[in-house]
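The values are calculated or read from the model by the stated rules, or taken from the named source; none is laboratory data. This is a predicted model, so every value here is computed, not measured. Note that each Cβ is placed from the backbone with ideal geometry, even for glycine, and that neighbours are counted across all protein chains shown. Just the protein is used for accessible areas: all its heavy atoms, side chains included, with ligands, DNA and RNA removed. Shrake-Rupley method; radii C 1.70, N 1.55, O 1.52, S 1.80 Å.
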Amino acid sequence: MDLERPVAPDPYALLPAVGTFSVTSDDVRDGEPLPDEHANSGAGGGDVSPQLRWSGAPEGTRGYVVTCFDPDAPTPSGWWHWVVVGLPASVTALDRGAGASDDTLPDGGFHLKNDDGTWAYSGCYPPPGDRPHRYFFVVHALDTDHLDVDRDTSPAVLSFQVGMHALARAVVVGTWSH
């Protein structure tokens, strides 16, 4: 890999400003390497989604979307590892492993297809020898409890809709490399 290629910007800094709130995790420490269990099985990991919990979402929050995005993937569009839609405002946490399938998500939640082509969490998998990649775990607080999406909606189309309904976002970033 070309280790000299520029580091991608924070993808959320490029979007219109919205409020913020807090997301914490027993598994993700901001700016630090993720445990190997959160890496892709092809990279020796377990494809286990991390535990996340959030608080302080603004008044008027009616639902949440949770995503994991790698802007450092060697593509012009980054790489979507996890996309969860349909979480009601009453949900303020996802357990470790909740990304295994729709059946492991809270009621109402469902997965969109990630860039690995699965409806689940797909762990970290930067190319061998590449620099550490950043994994942005983001909880988006929405002003609606329903987005016009289904399981086959692309993460890019979802991101557009989230942008139209985001009240605030909470971000924690882990890293990982071979």
Just the residues that are open to solvent by less than 10 Å² (accessible area, probe 1.4 Å) and either within 10 Å of the chain's Cα centre (by Cα) or among the acidic types (Asp, Glu) (or both), please, taken from region 59-72. 65, 66, 67, 68, 70, 72
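Before we move on, is residue 56 on the phi > 0 side of the Ramachandran plot, over 17 Å from the mean Cα position of the chain (by Cα), open to solvent by 40 Å² or more (accessible area, probe 1.4 Å) and not hydroxyl-bearing (Ser, Thr, Tyr)?
In short, yes.
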Tell me, please, whether a residue that is charged (D, E, K, R), outside any loop (DSSP other than H, G, I, E, B) and closer than 19 Å to residue 134 by Cα can be found in region 66-77. yes
If residue 77 satisfies every condition in (1) under 20 Å from residue 159 (Cα atoms); (2) surrounded by fewer than 19 Cβ atoms within 10 Å (Cβ to Cβ); (3) in contact (Cβ under 8 Å) with a residue 60 or more places away in the chain; (4) touching a Pro at 6+ places or on another chain (Cβ under 7 Å) but one, which is the exception? (4)
Take the residues in region 98-124 that are acidic (Asp, Glu) and at pLDDT 95 or above; name whichever of them is most open to solvent (accessible area, probe 1.4 Å). 103
Any pair with Cβ under 7 angstrom, 6 or more apart, that starts in region 7-19 at a residue that is in a strand (DSSP E or B) and ends at one that is open to solvent by less than 30 Å² (accessible area, probe 1.4 Å): 19/168
Tally the residues that are part of a loop (DSSP other than H, G, I, E, B) and surrounded by 14 or more Cβ atoms within 10 Å (Cβ to Cβ), restricting the search to region 145-167. 5
Return yes or no: is residue 58 touching a residue at least 40 places away in the same chain (Cβ under 8 Å), closer than 24 Å to residue 163 by Cα, assigned to a loop (DSSP other than H, G, I, E, B) and not charged (D, E, K, R)? yes
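Might you check whether a residue that is assigned to a loop (DSSP other than H, G, I, E, B), crowded, with 17+ Cβ neighbours inside 10 Å and either touching a Ser or Thr at 6+ places or on another chain (Cβ under 7 Å) or not acidic (Asp, Glu) (or both) occurs anywhere in region 80-88?
no
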Here is a check on your reading of the model: is residue 148 touching a Gly at 6+ places or on another chain (Cβ under 9 Å) and of a type in the set (Asp, Glu)? no
Within the set of pairs 6+ apart or on separate chains, which have a first residue in region 145-168 that is more than 18 Å from residue 82 (Cα to Cα), a second that is open to solvent by 100 Å² or more (accessible area, probe 1.4 Å) and outside any loop (DSSP other than H, G, I, E, B), and C-beta atoms under 7 Å apart? 168/20
Take the conditions hydroxyl-bearing (Ser, Thr, Tyr), at pLDDT 95 or above and open to solvent by less than 60 Å² (accessible area, probe 1.4 Å) and apply them to residue 25. Does it pass? yes
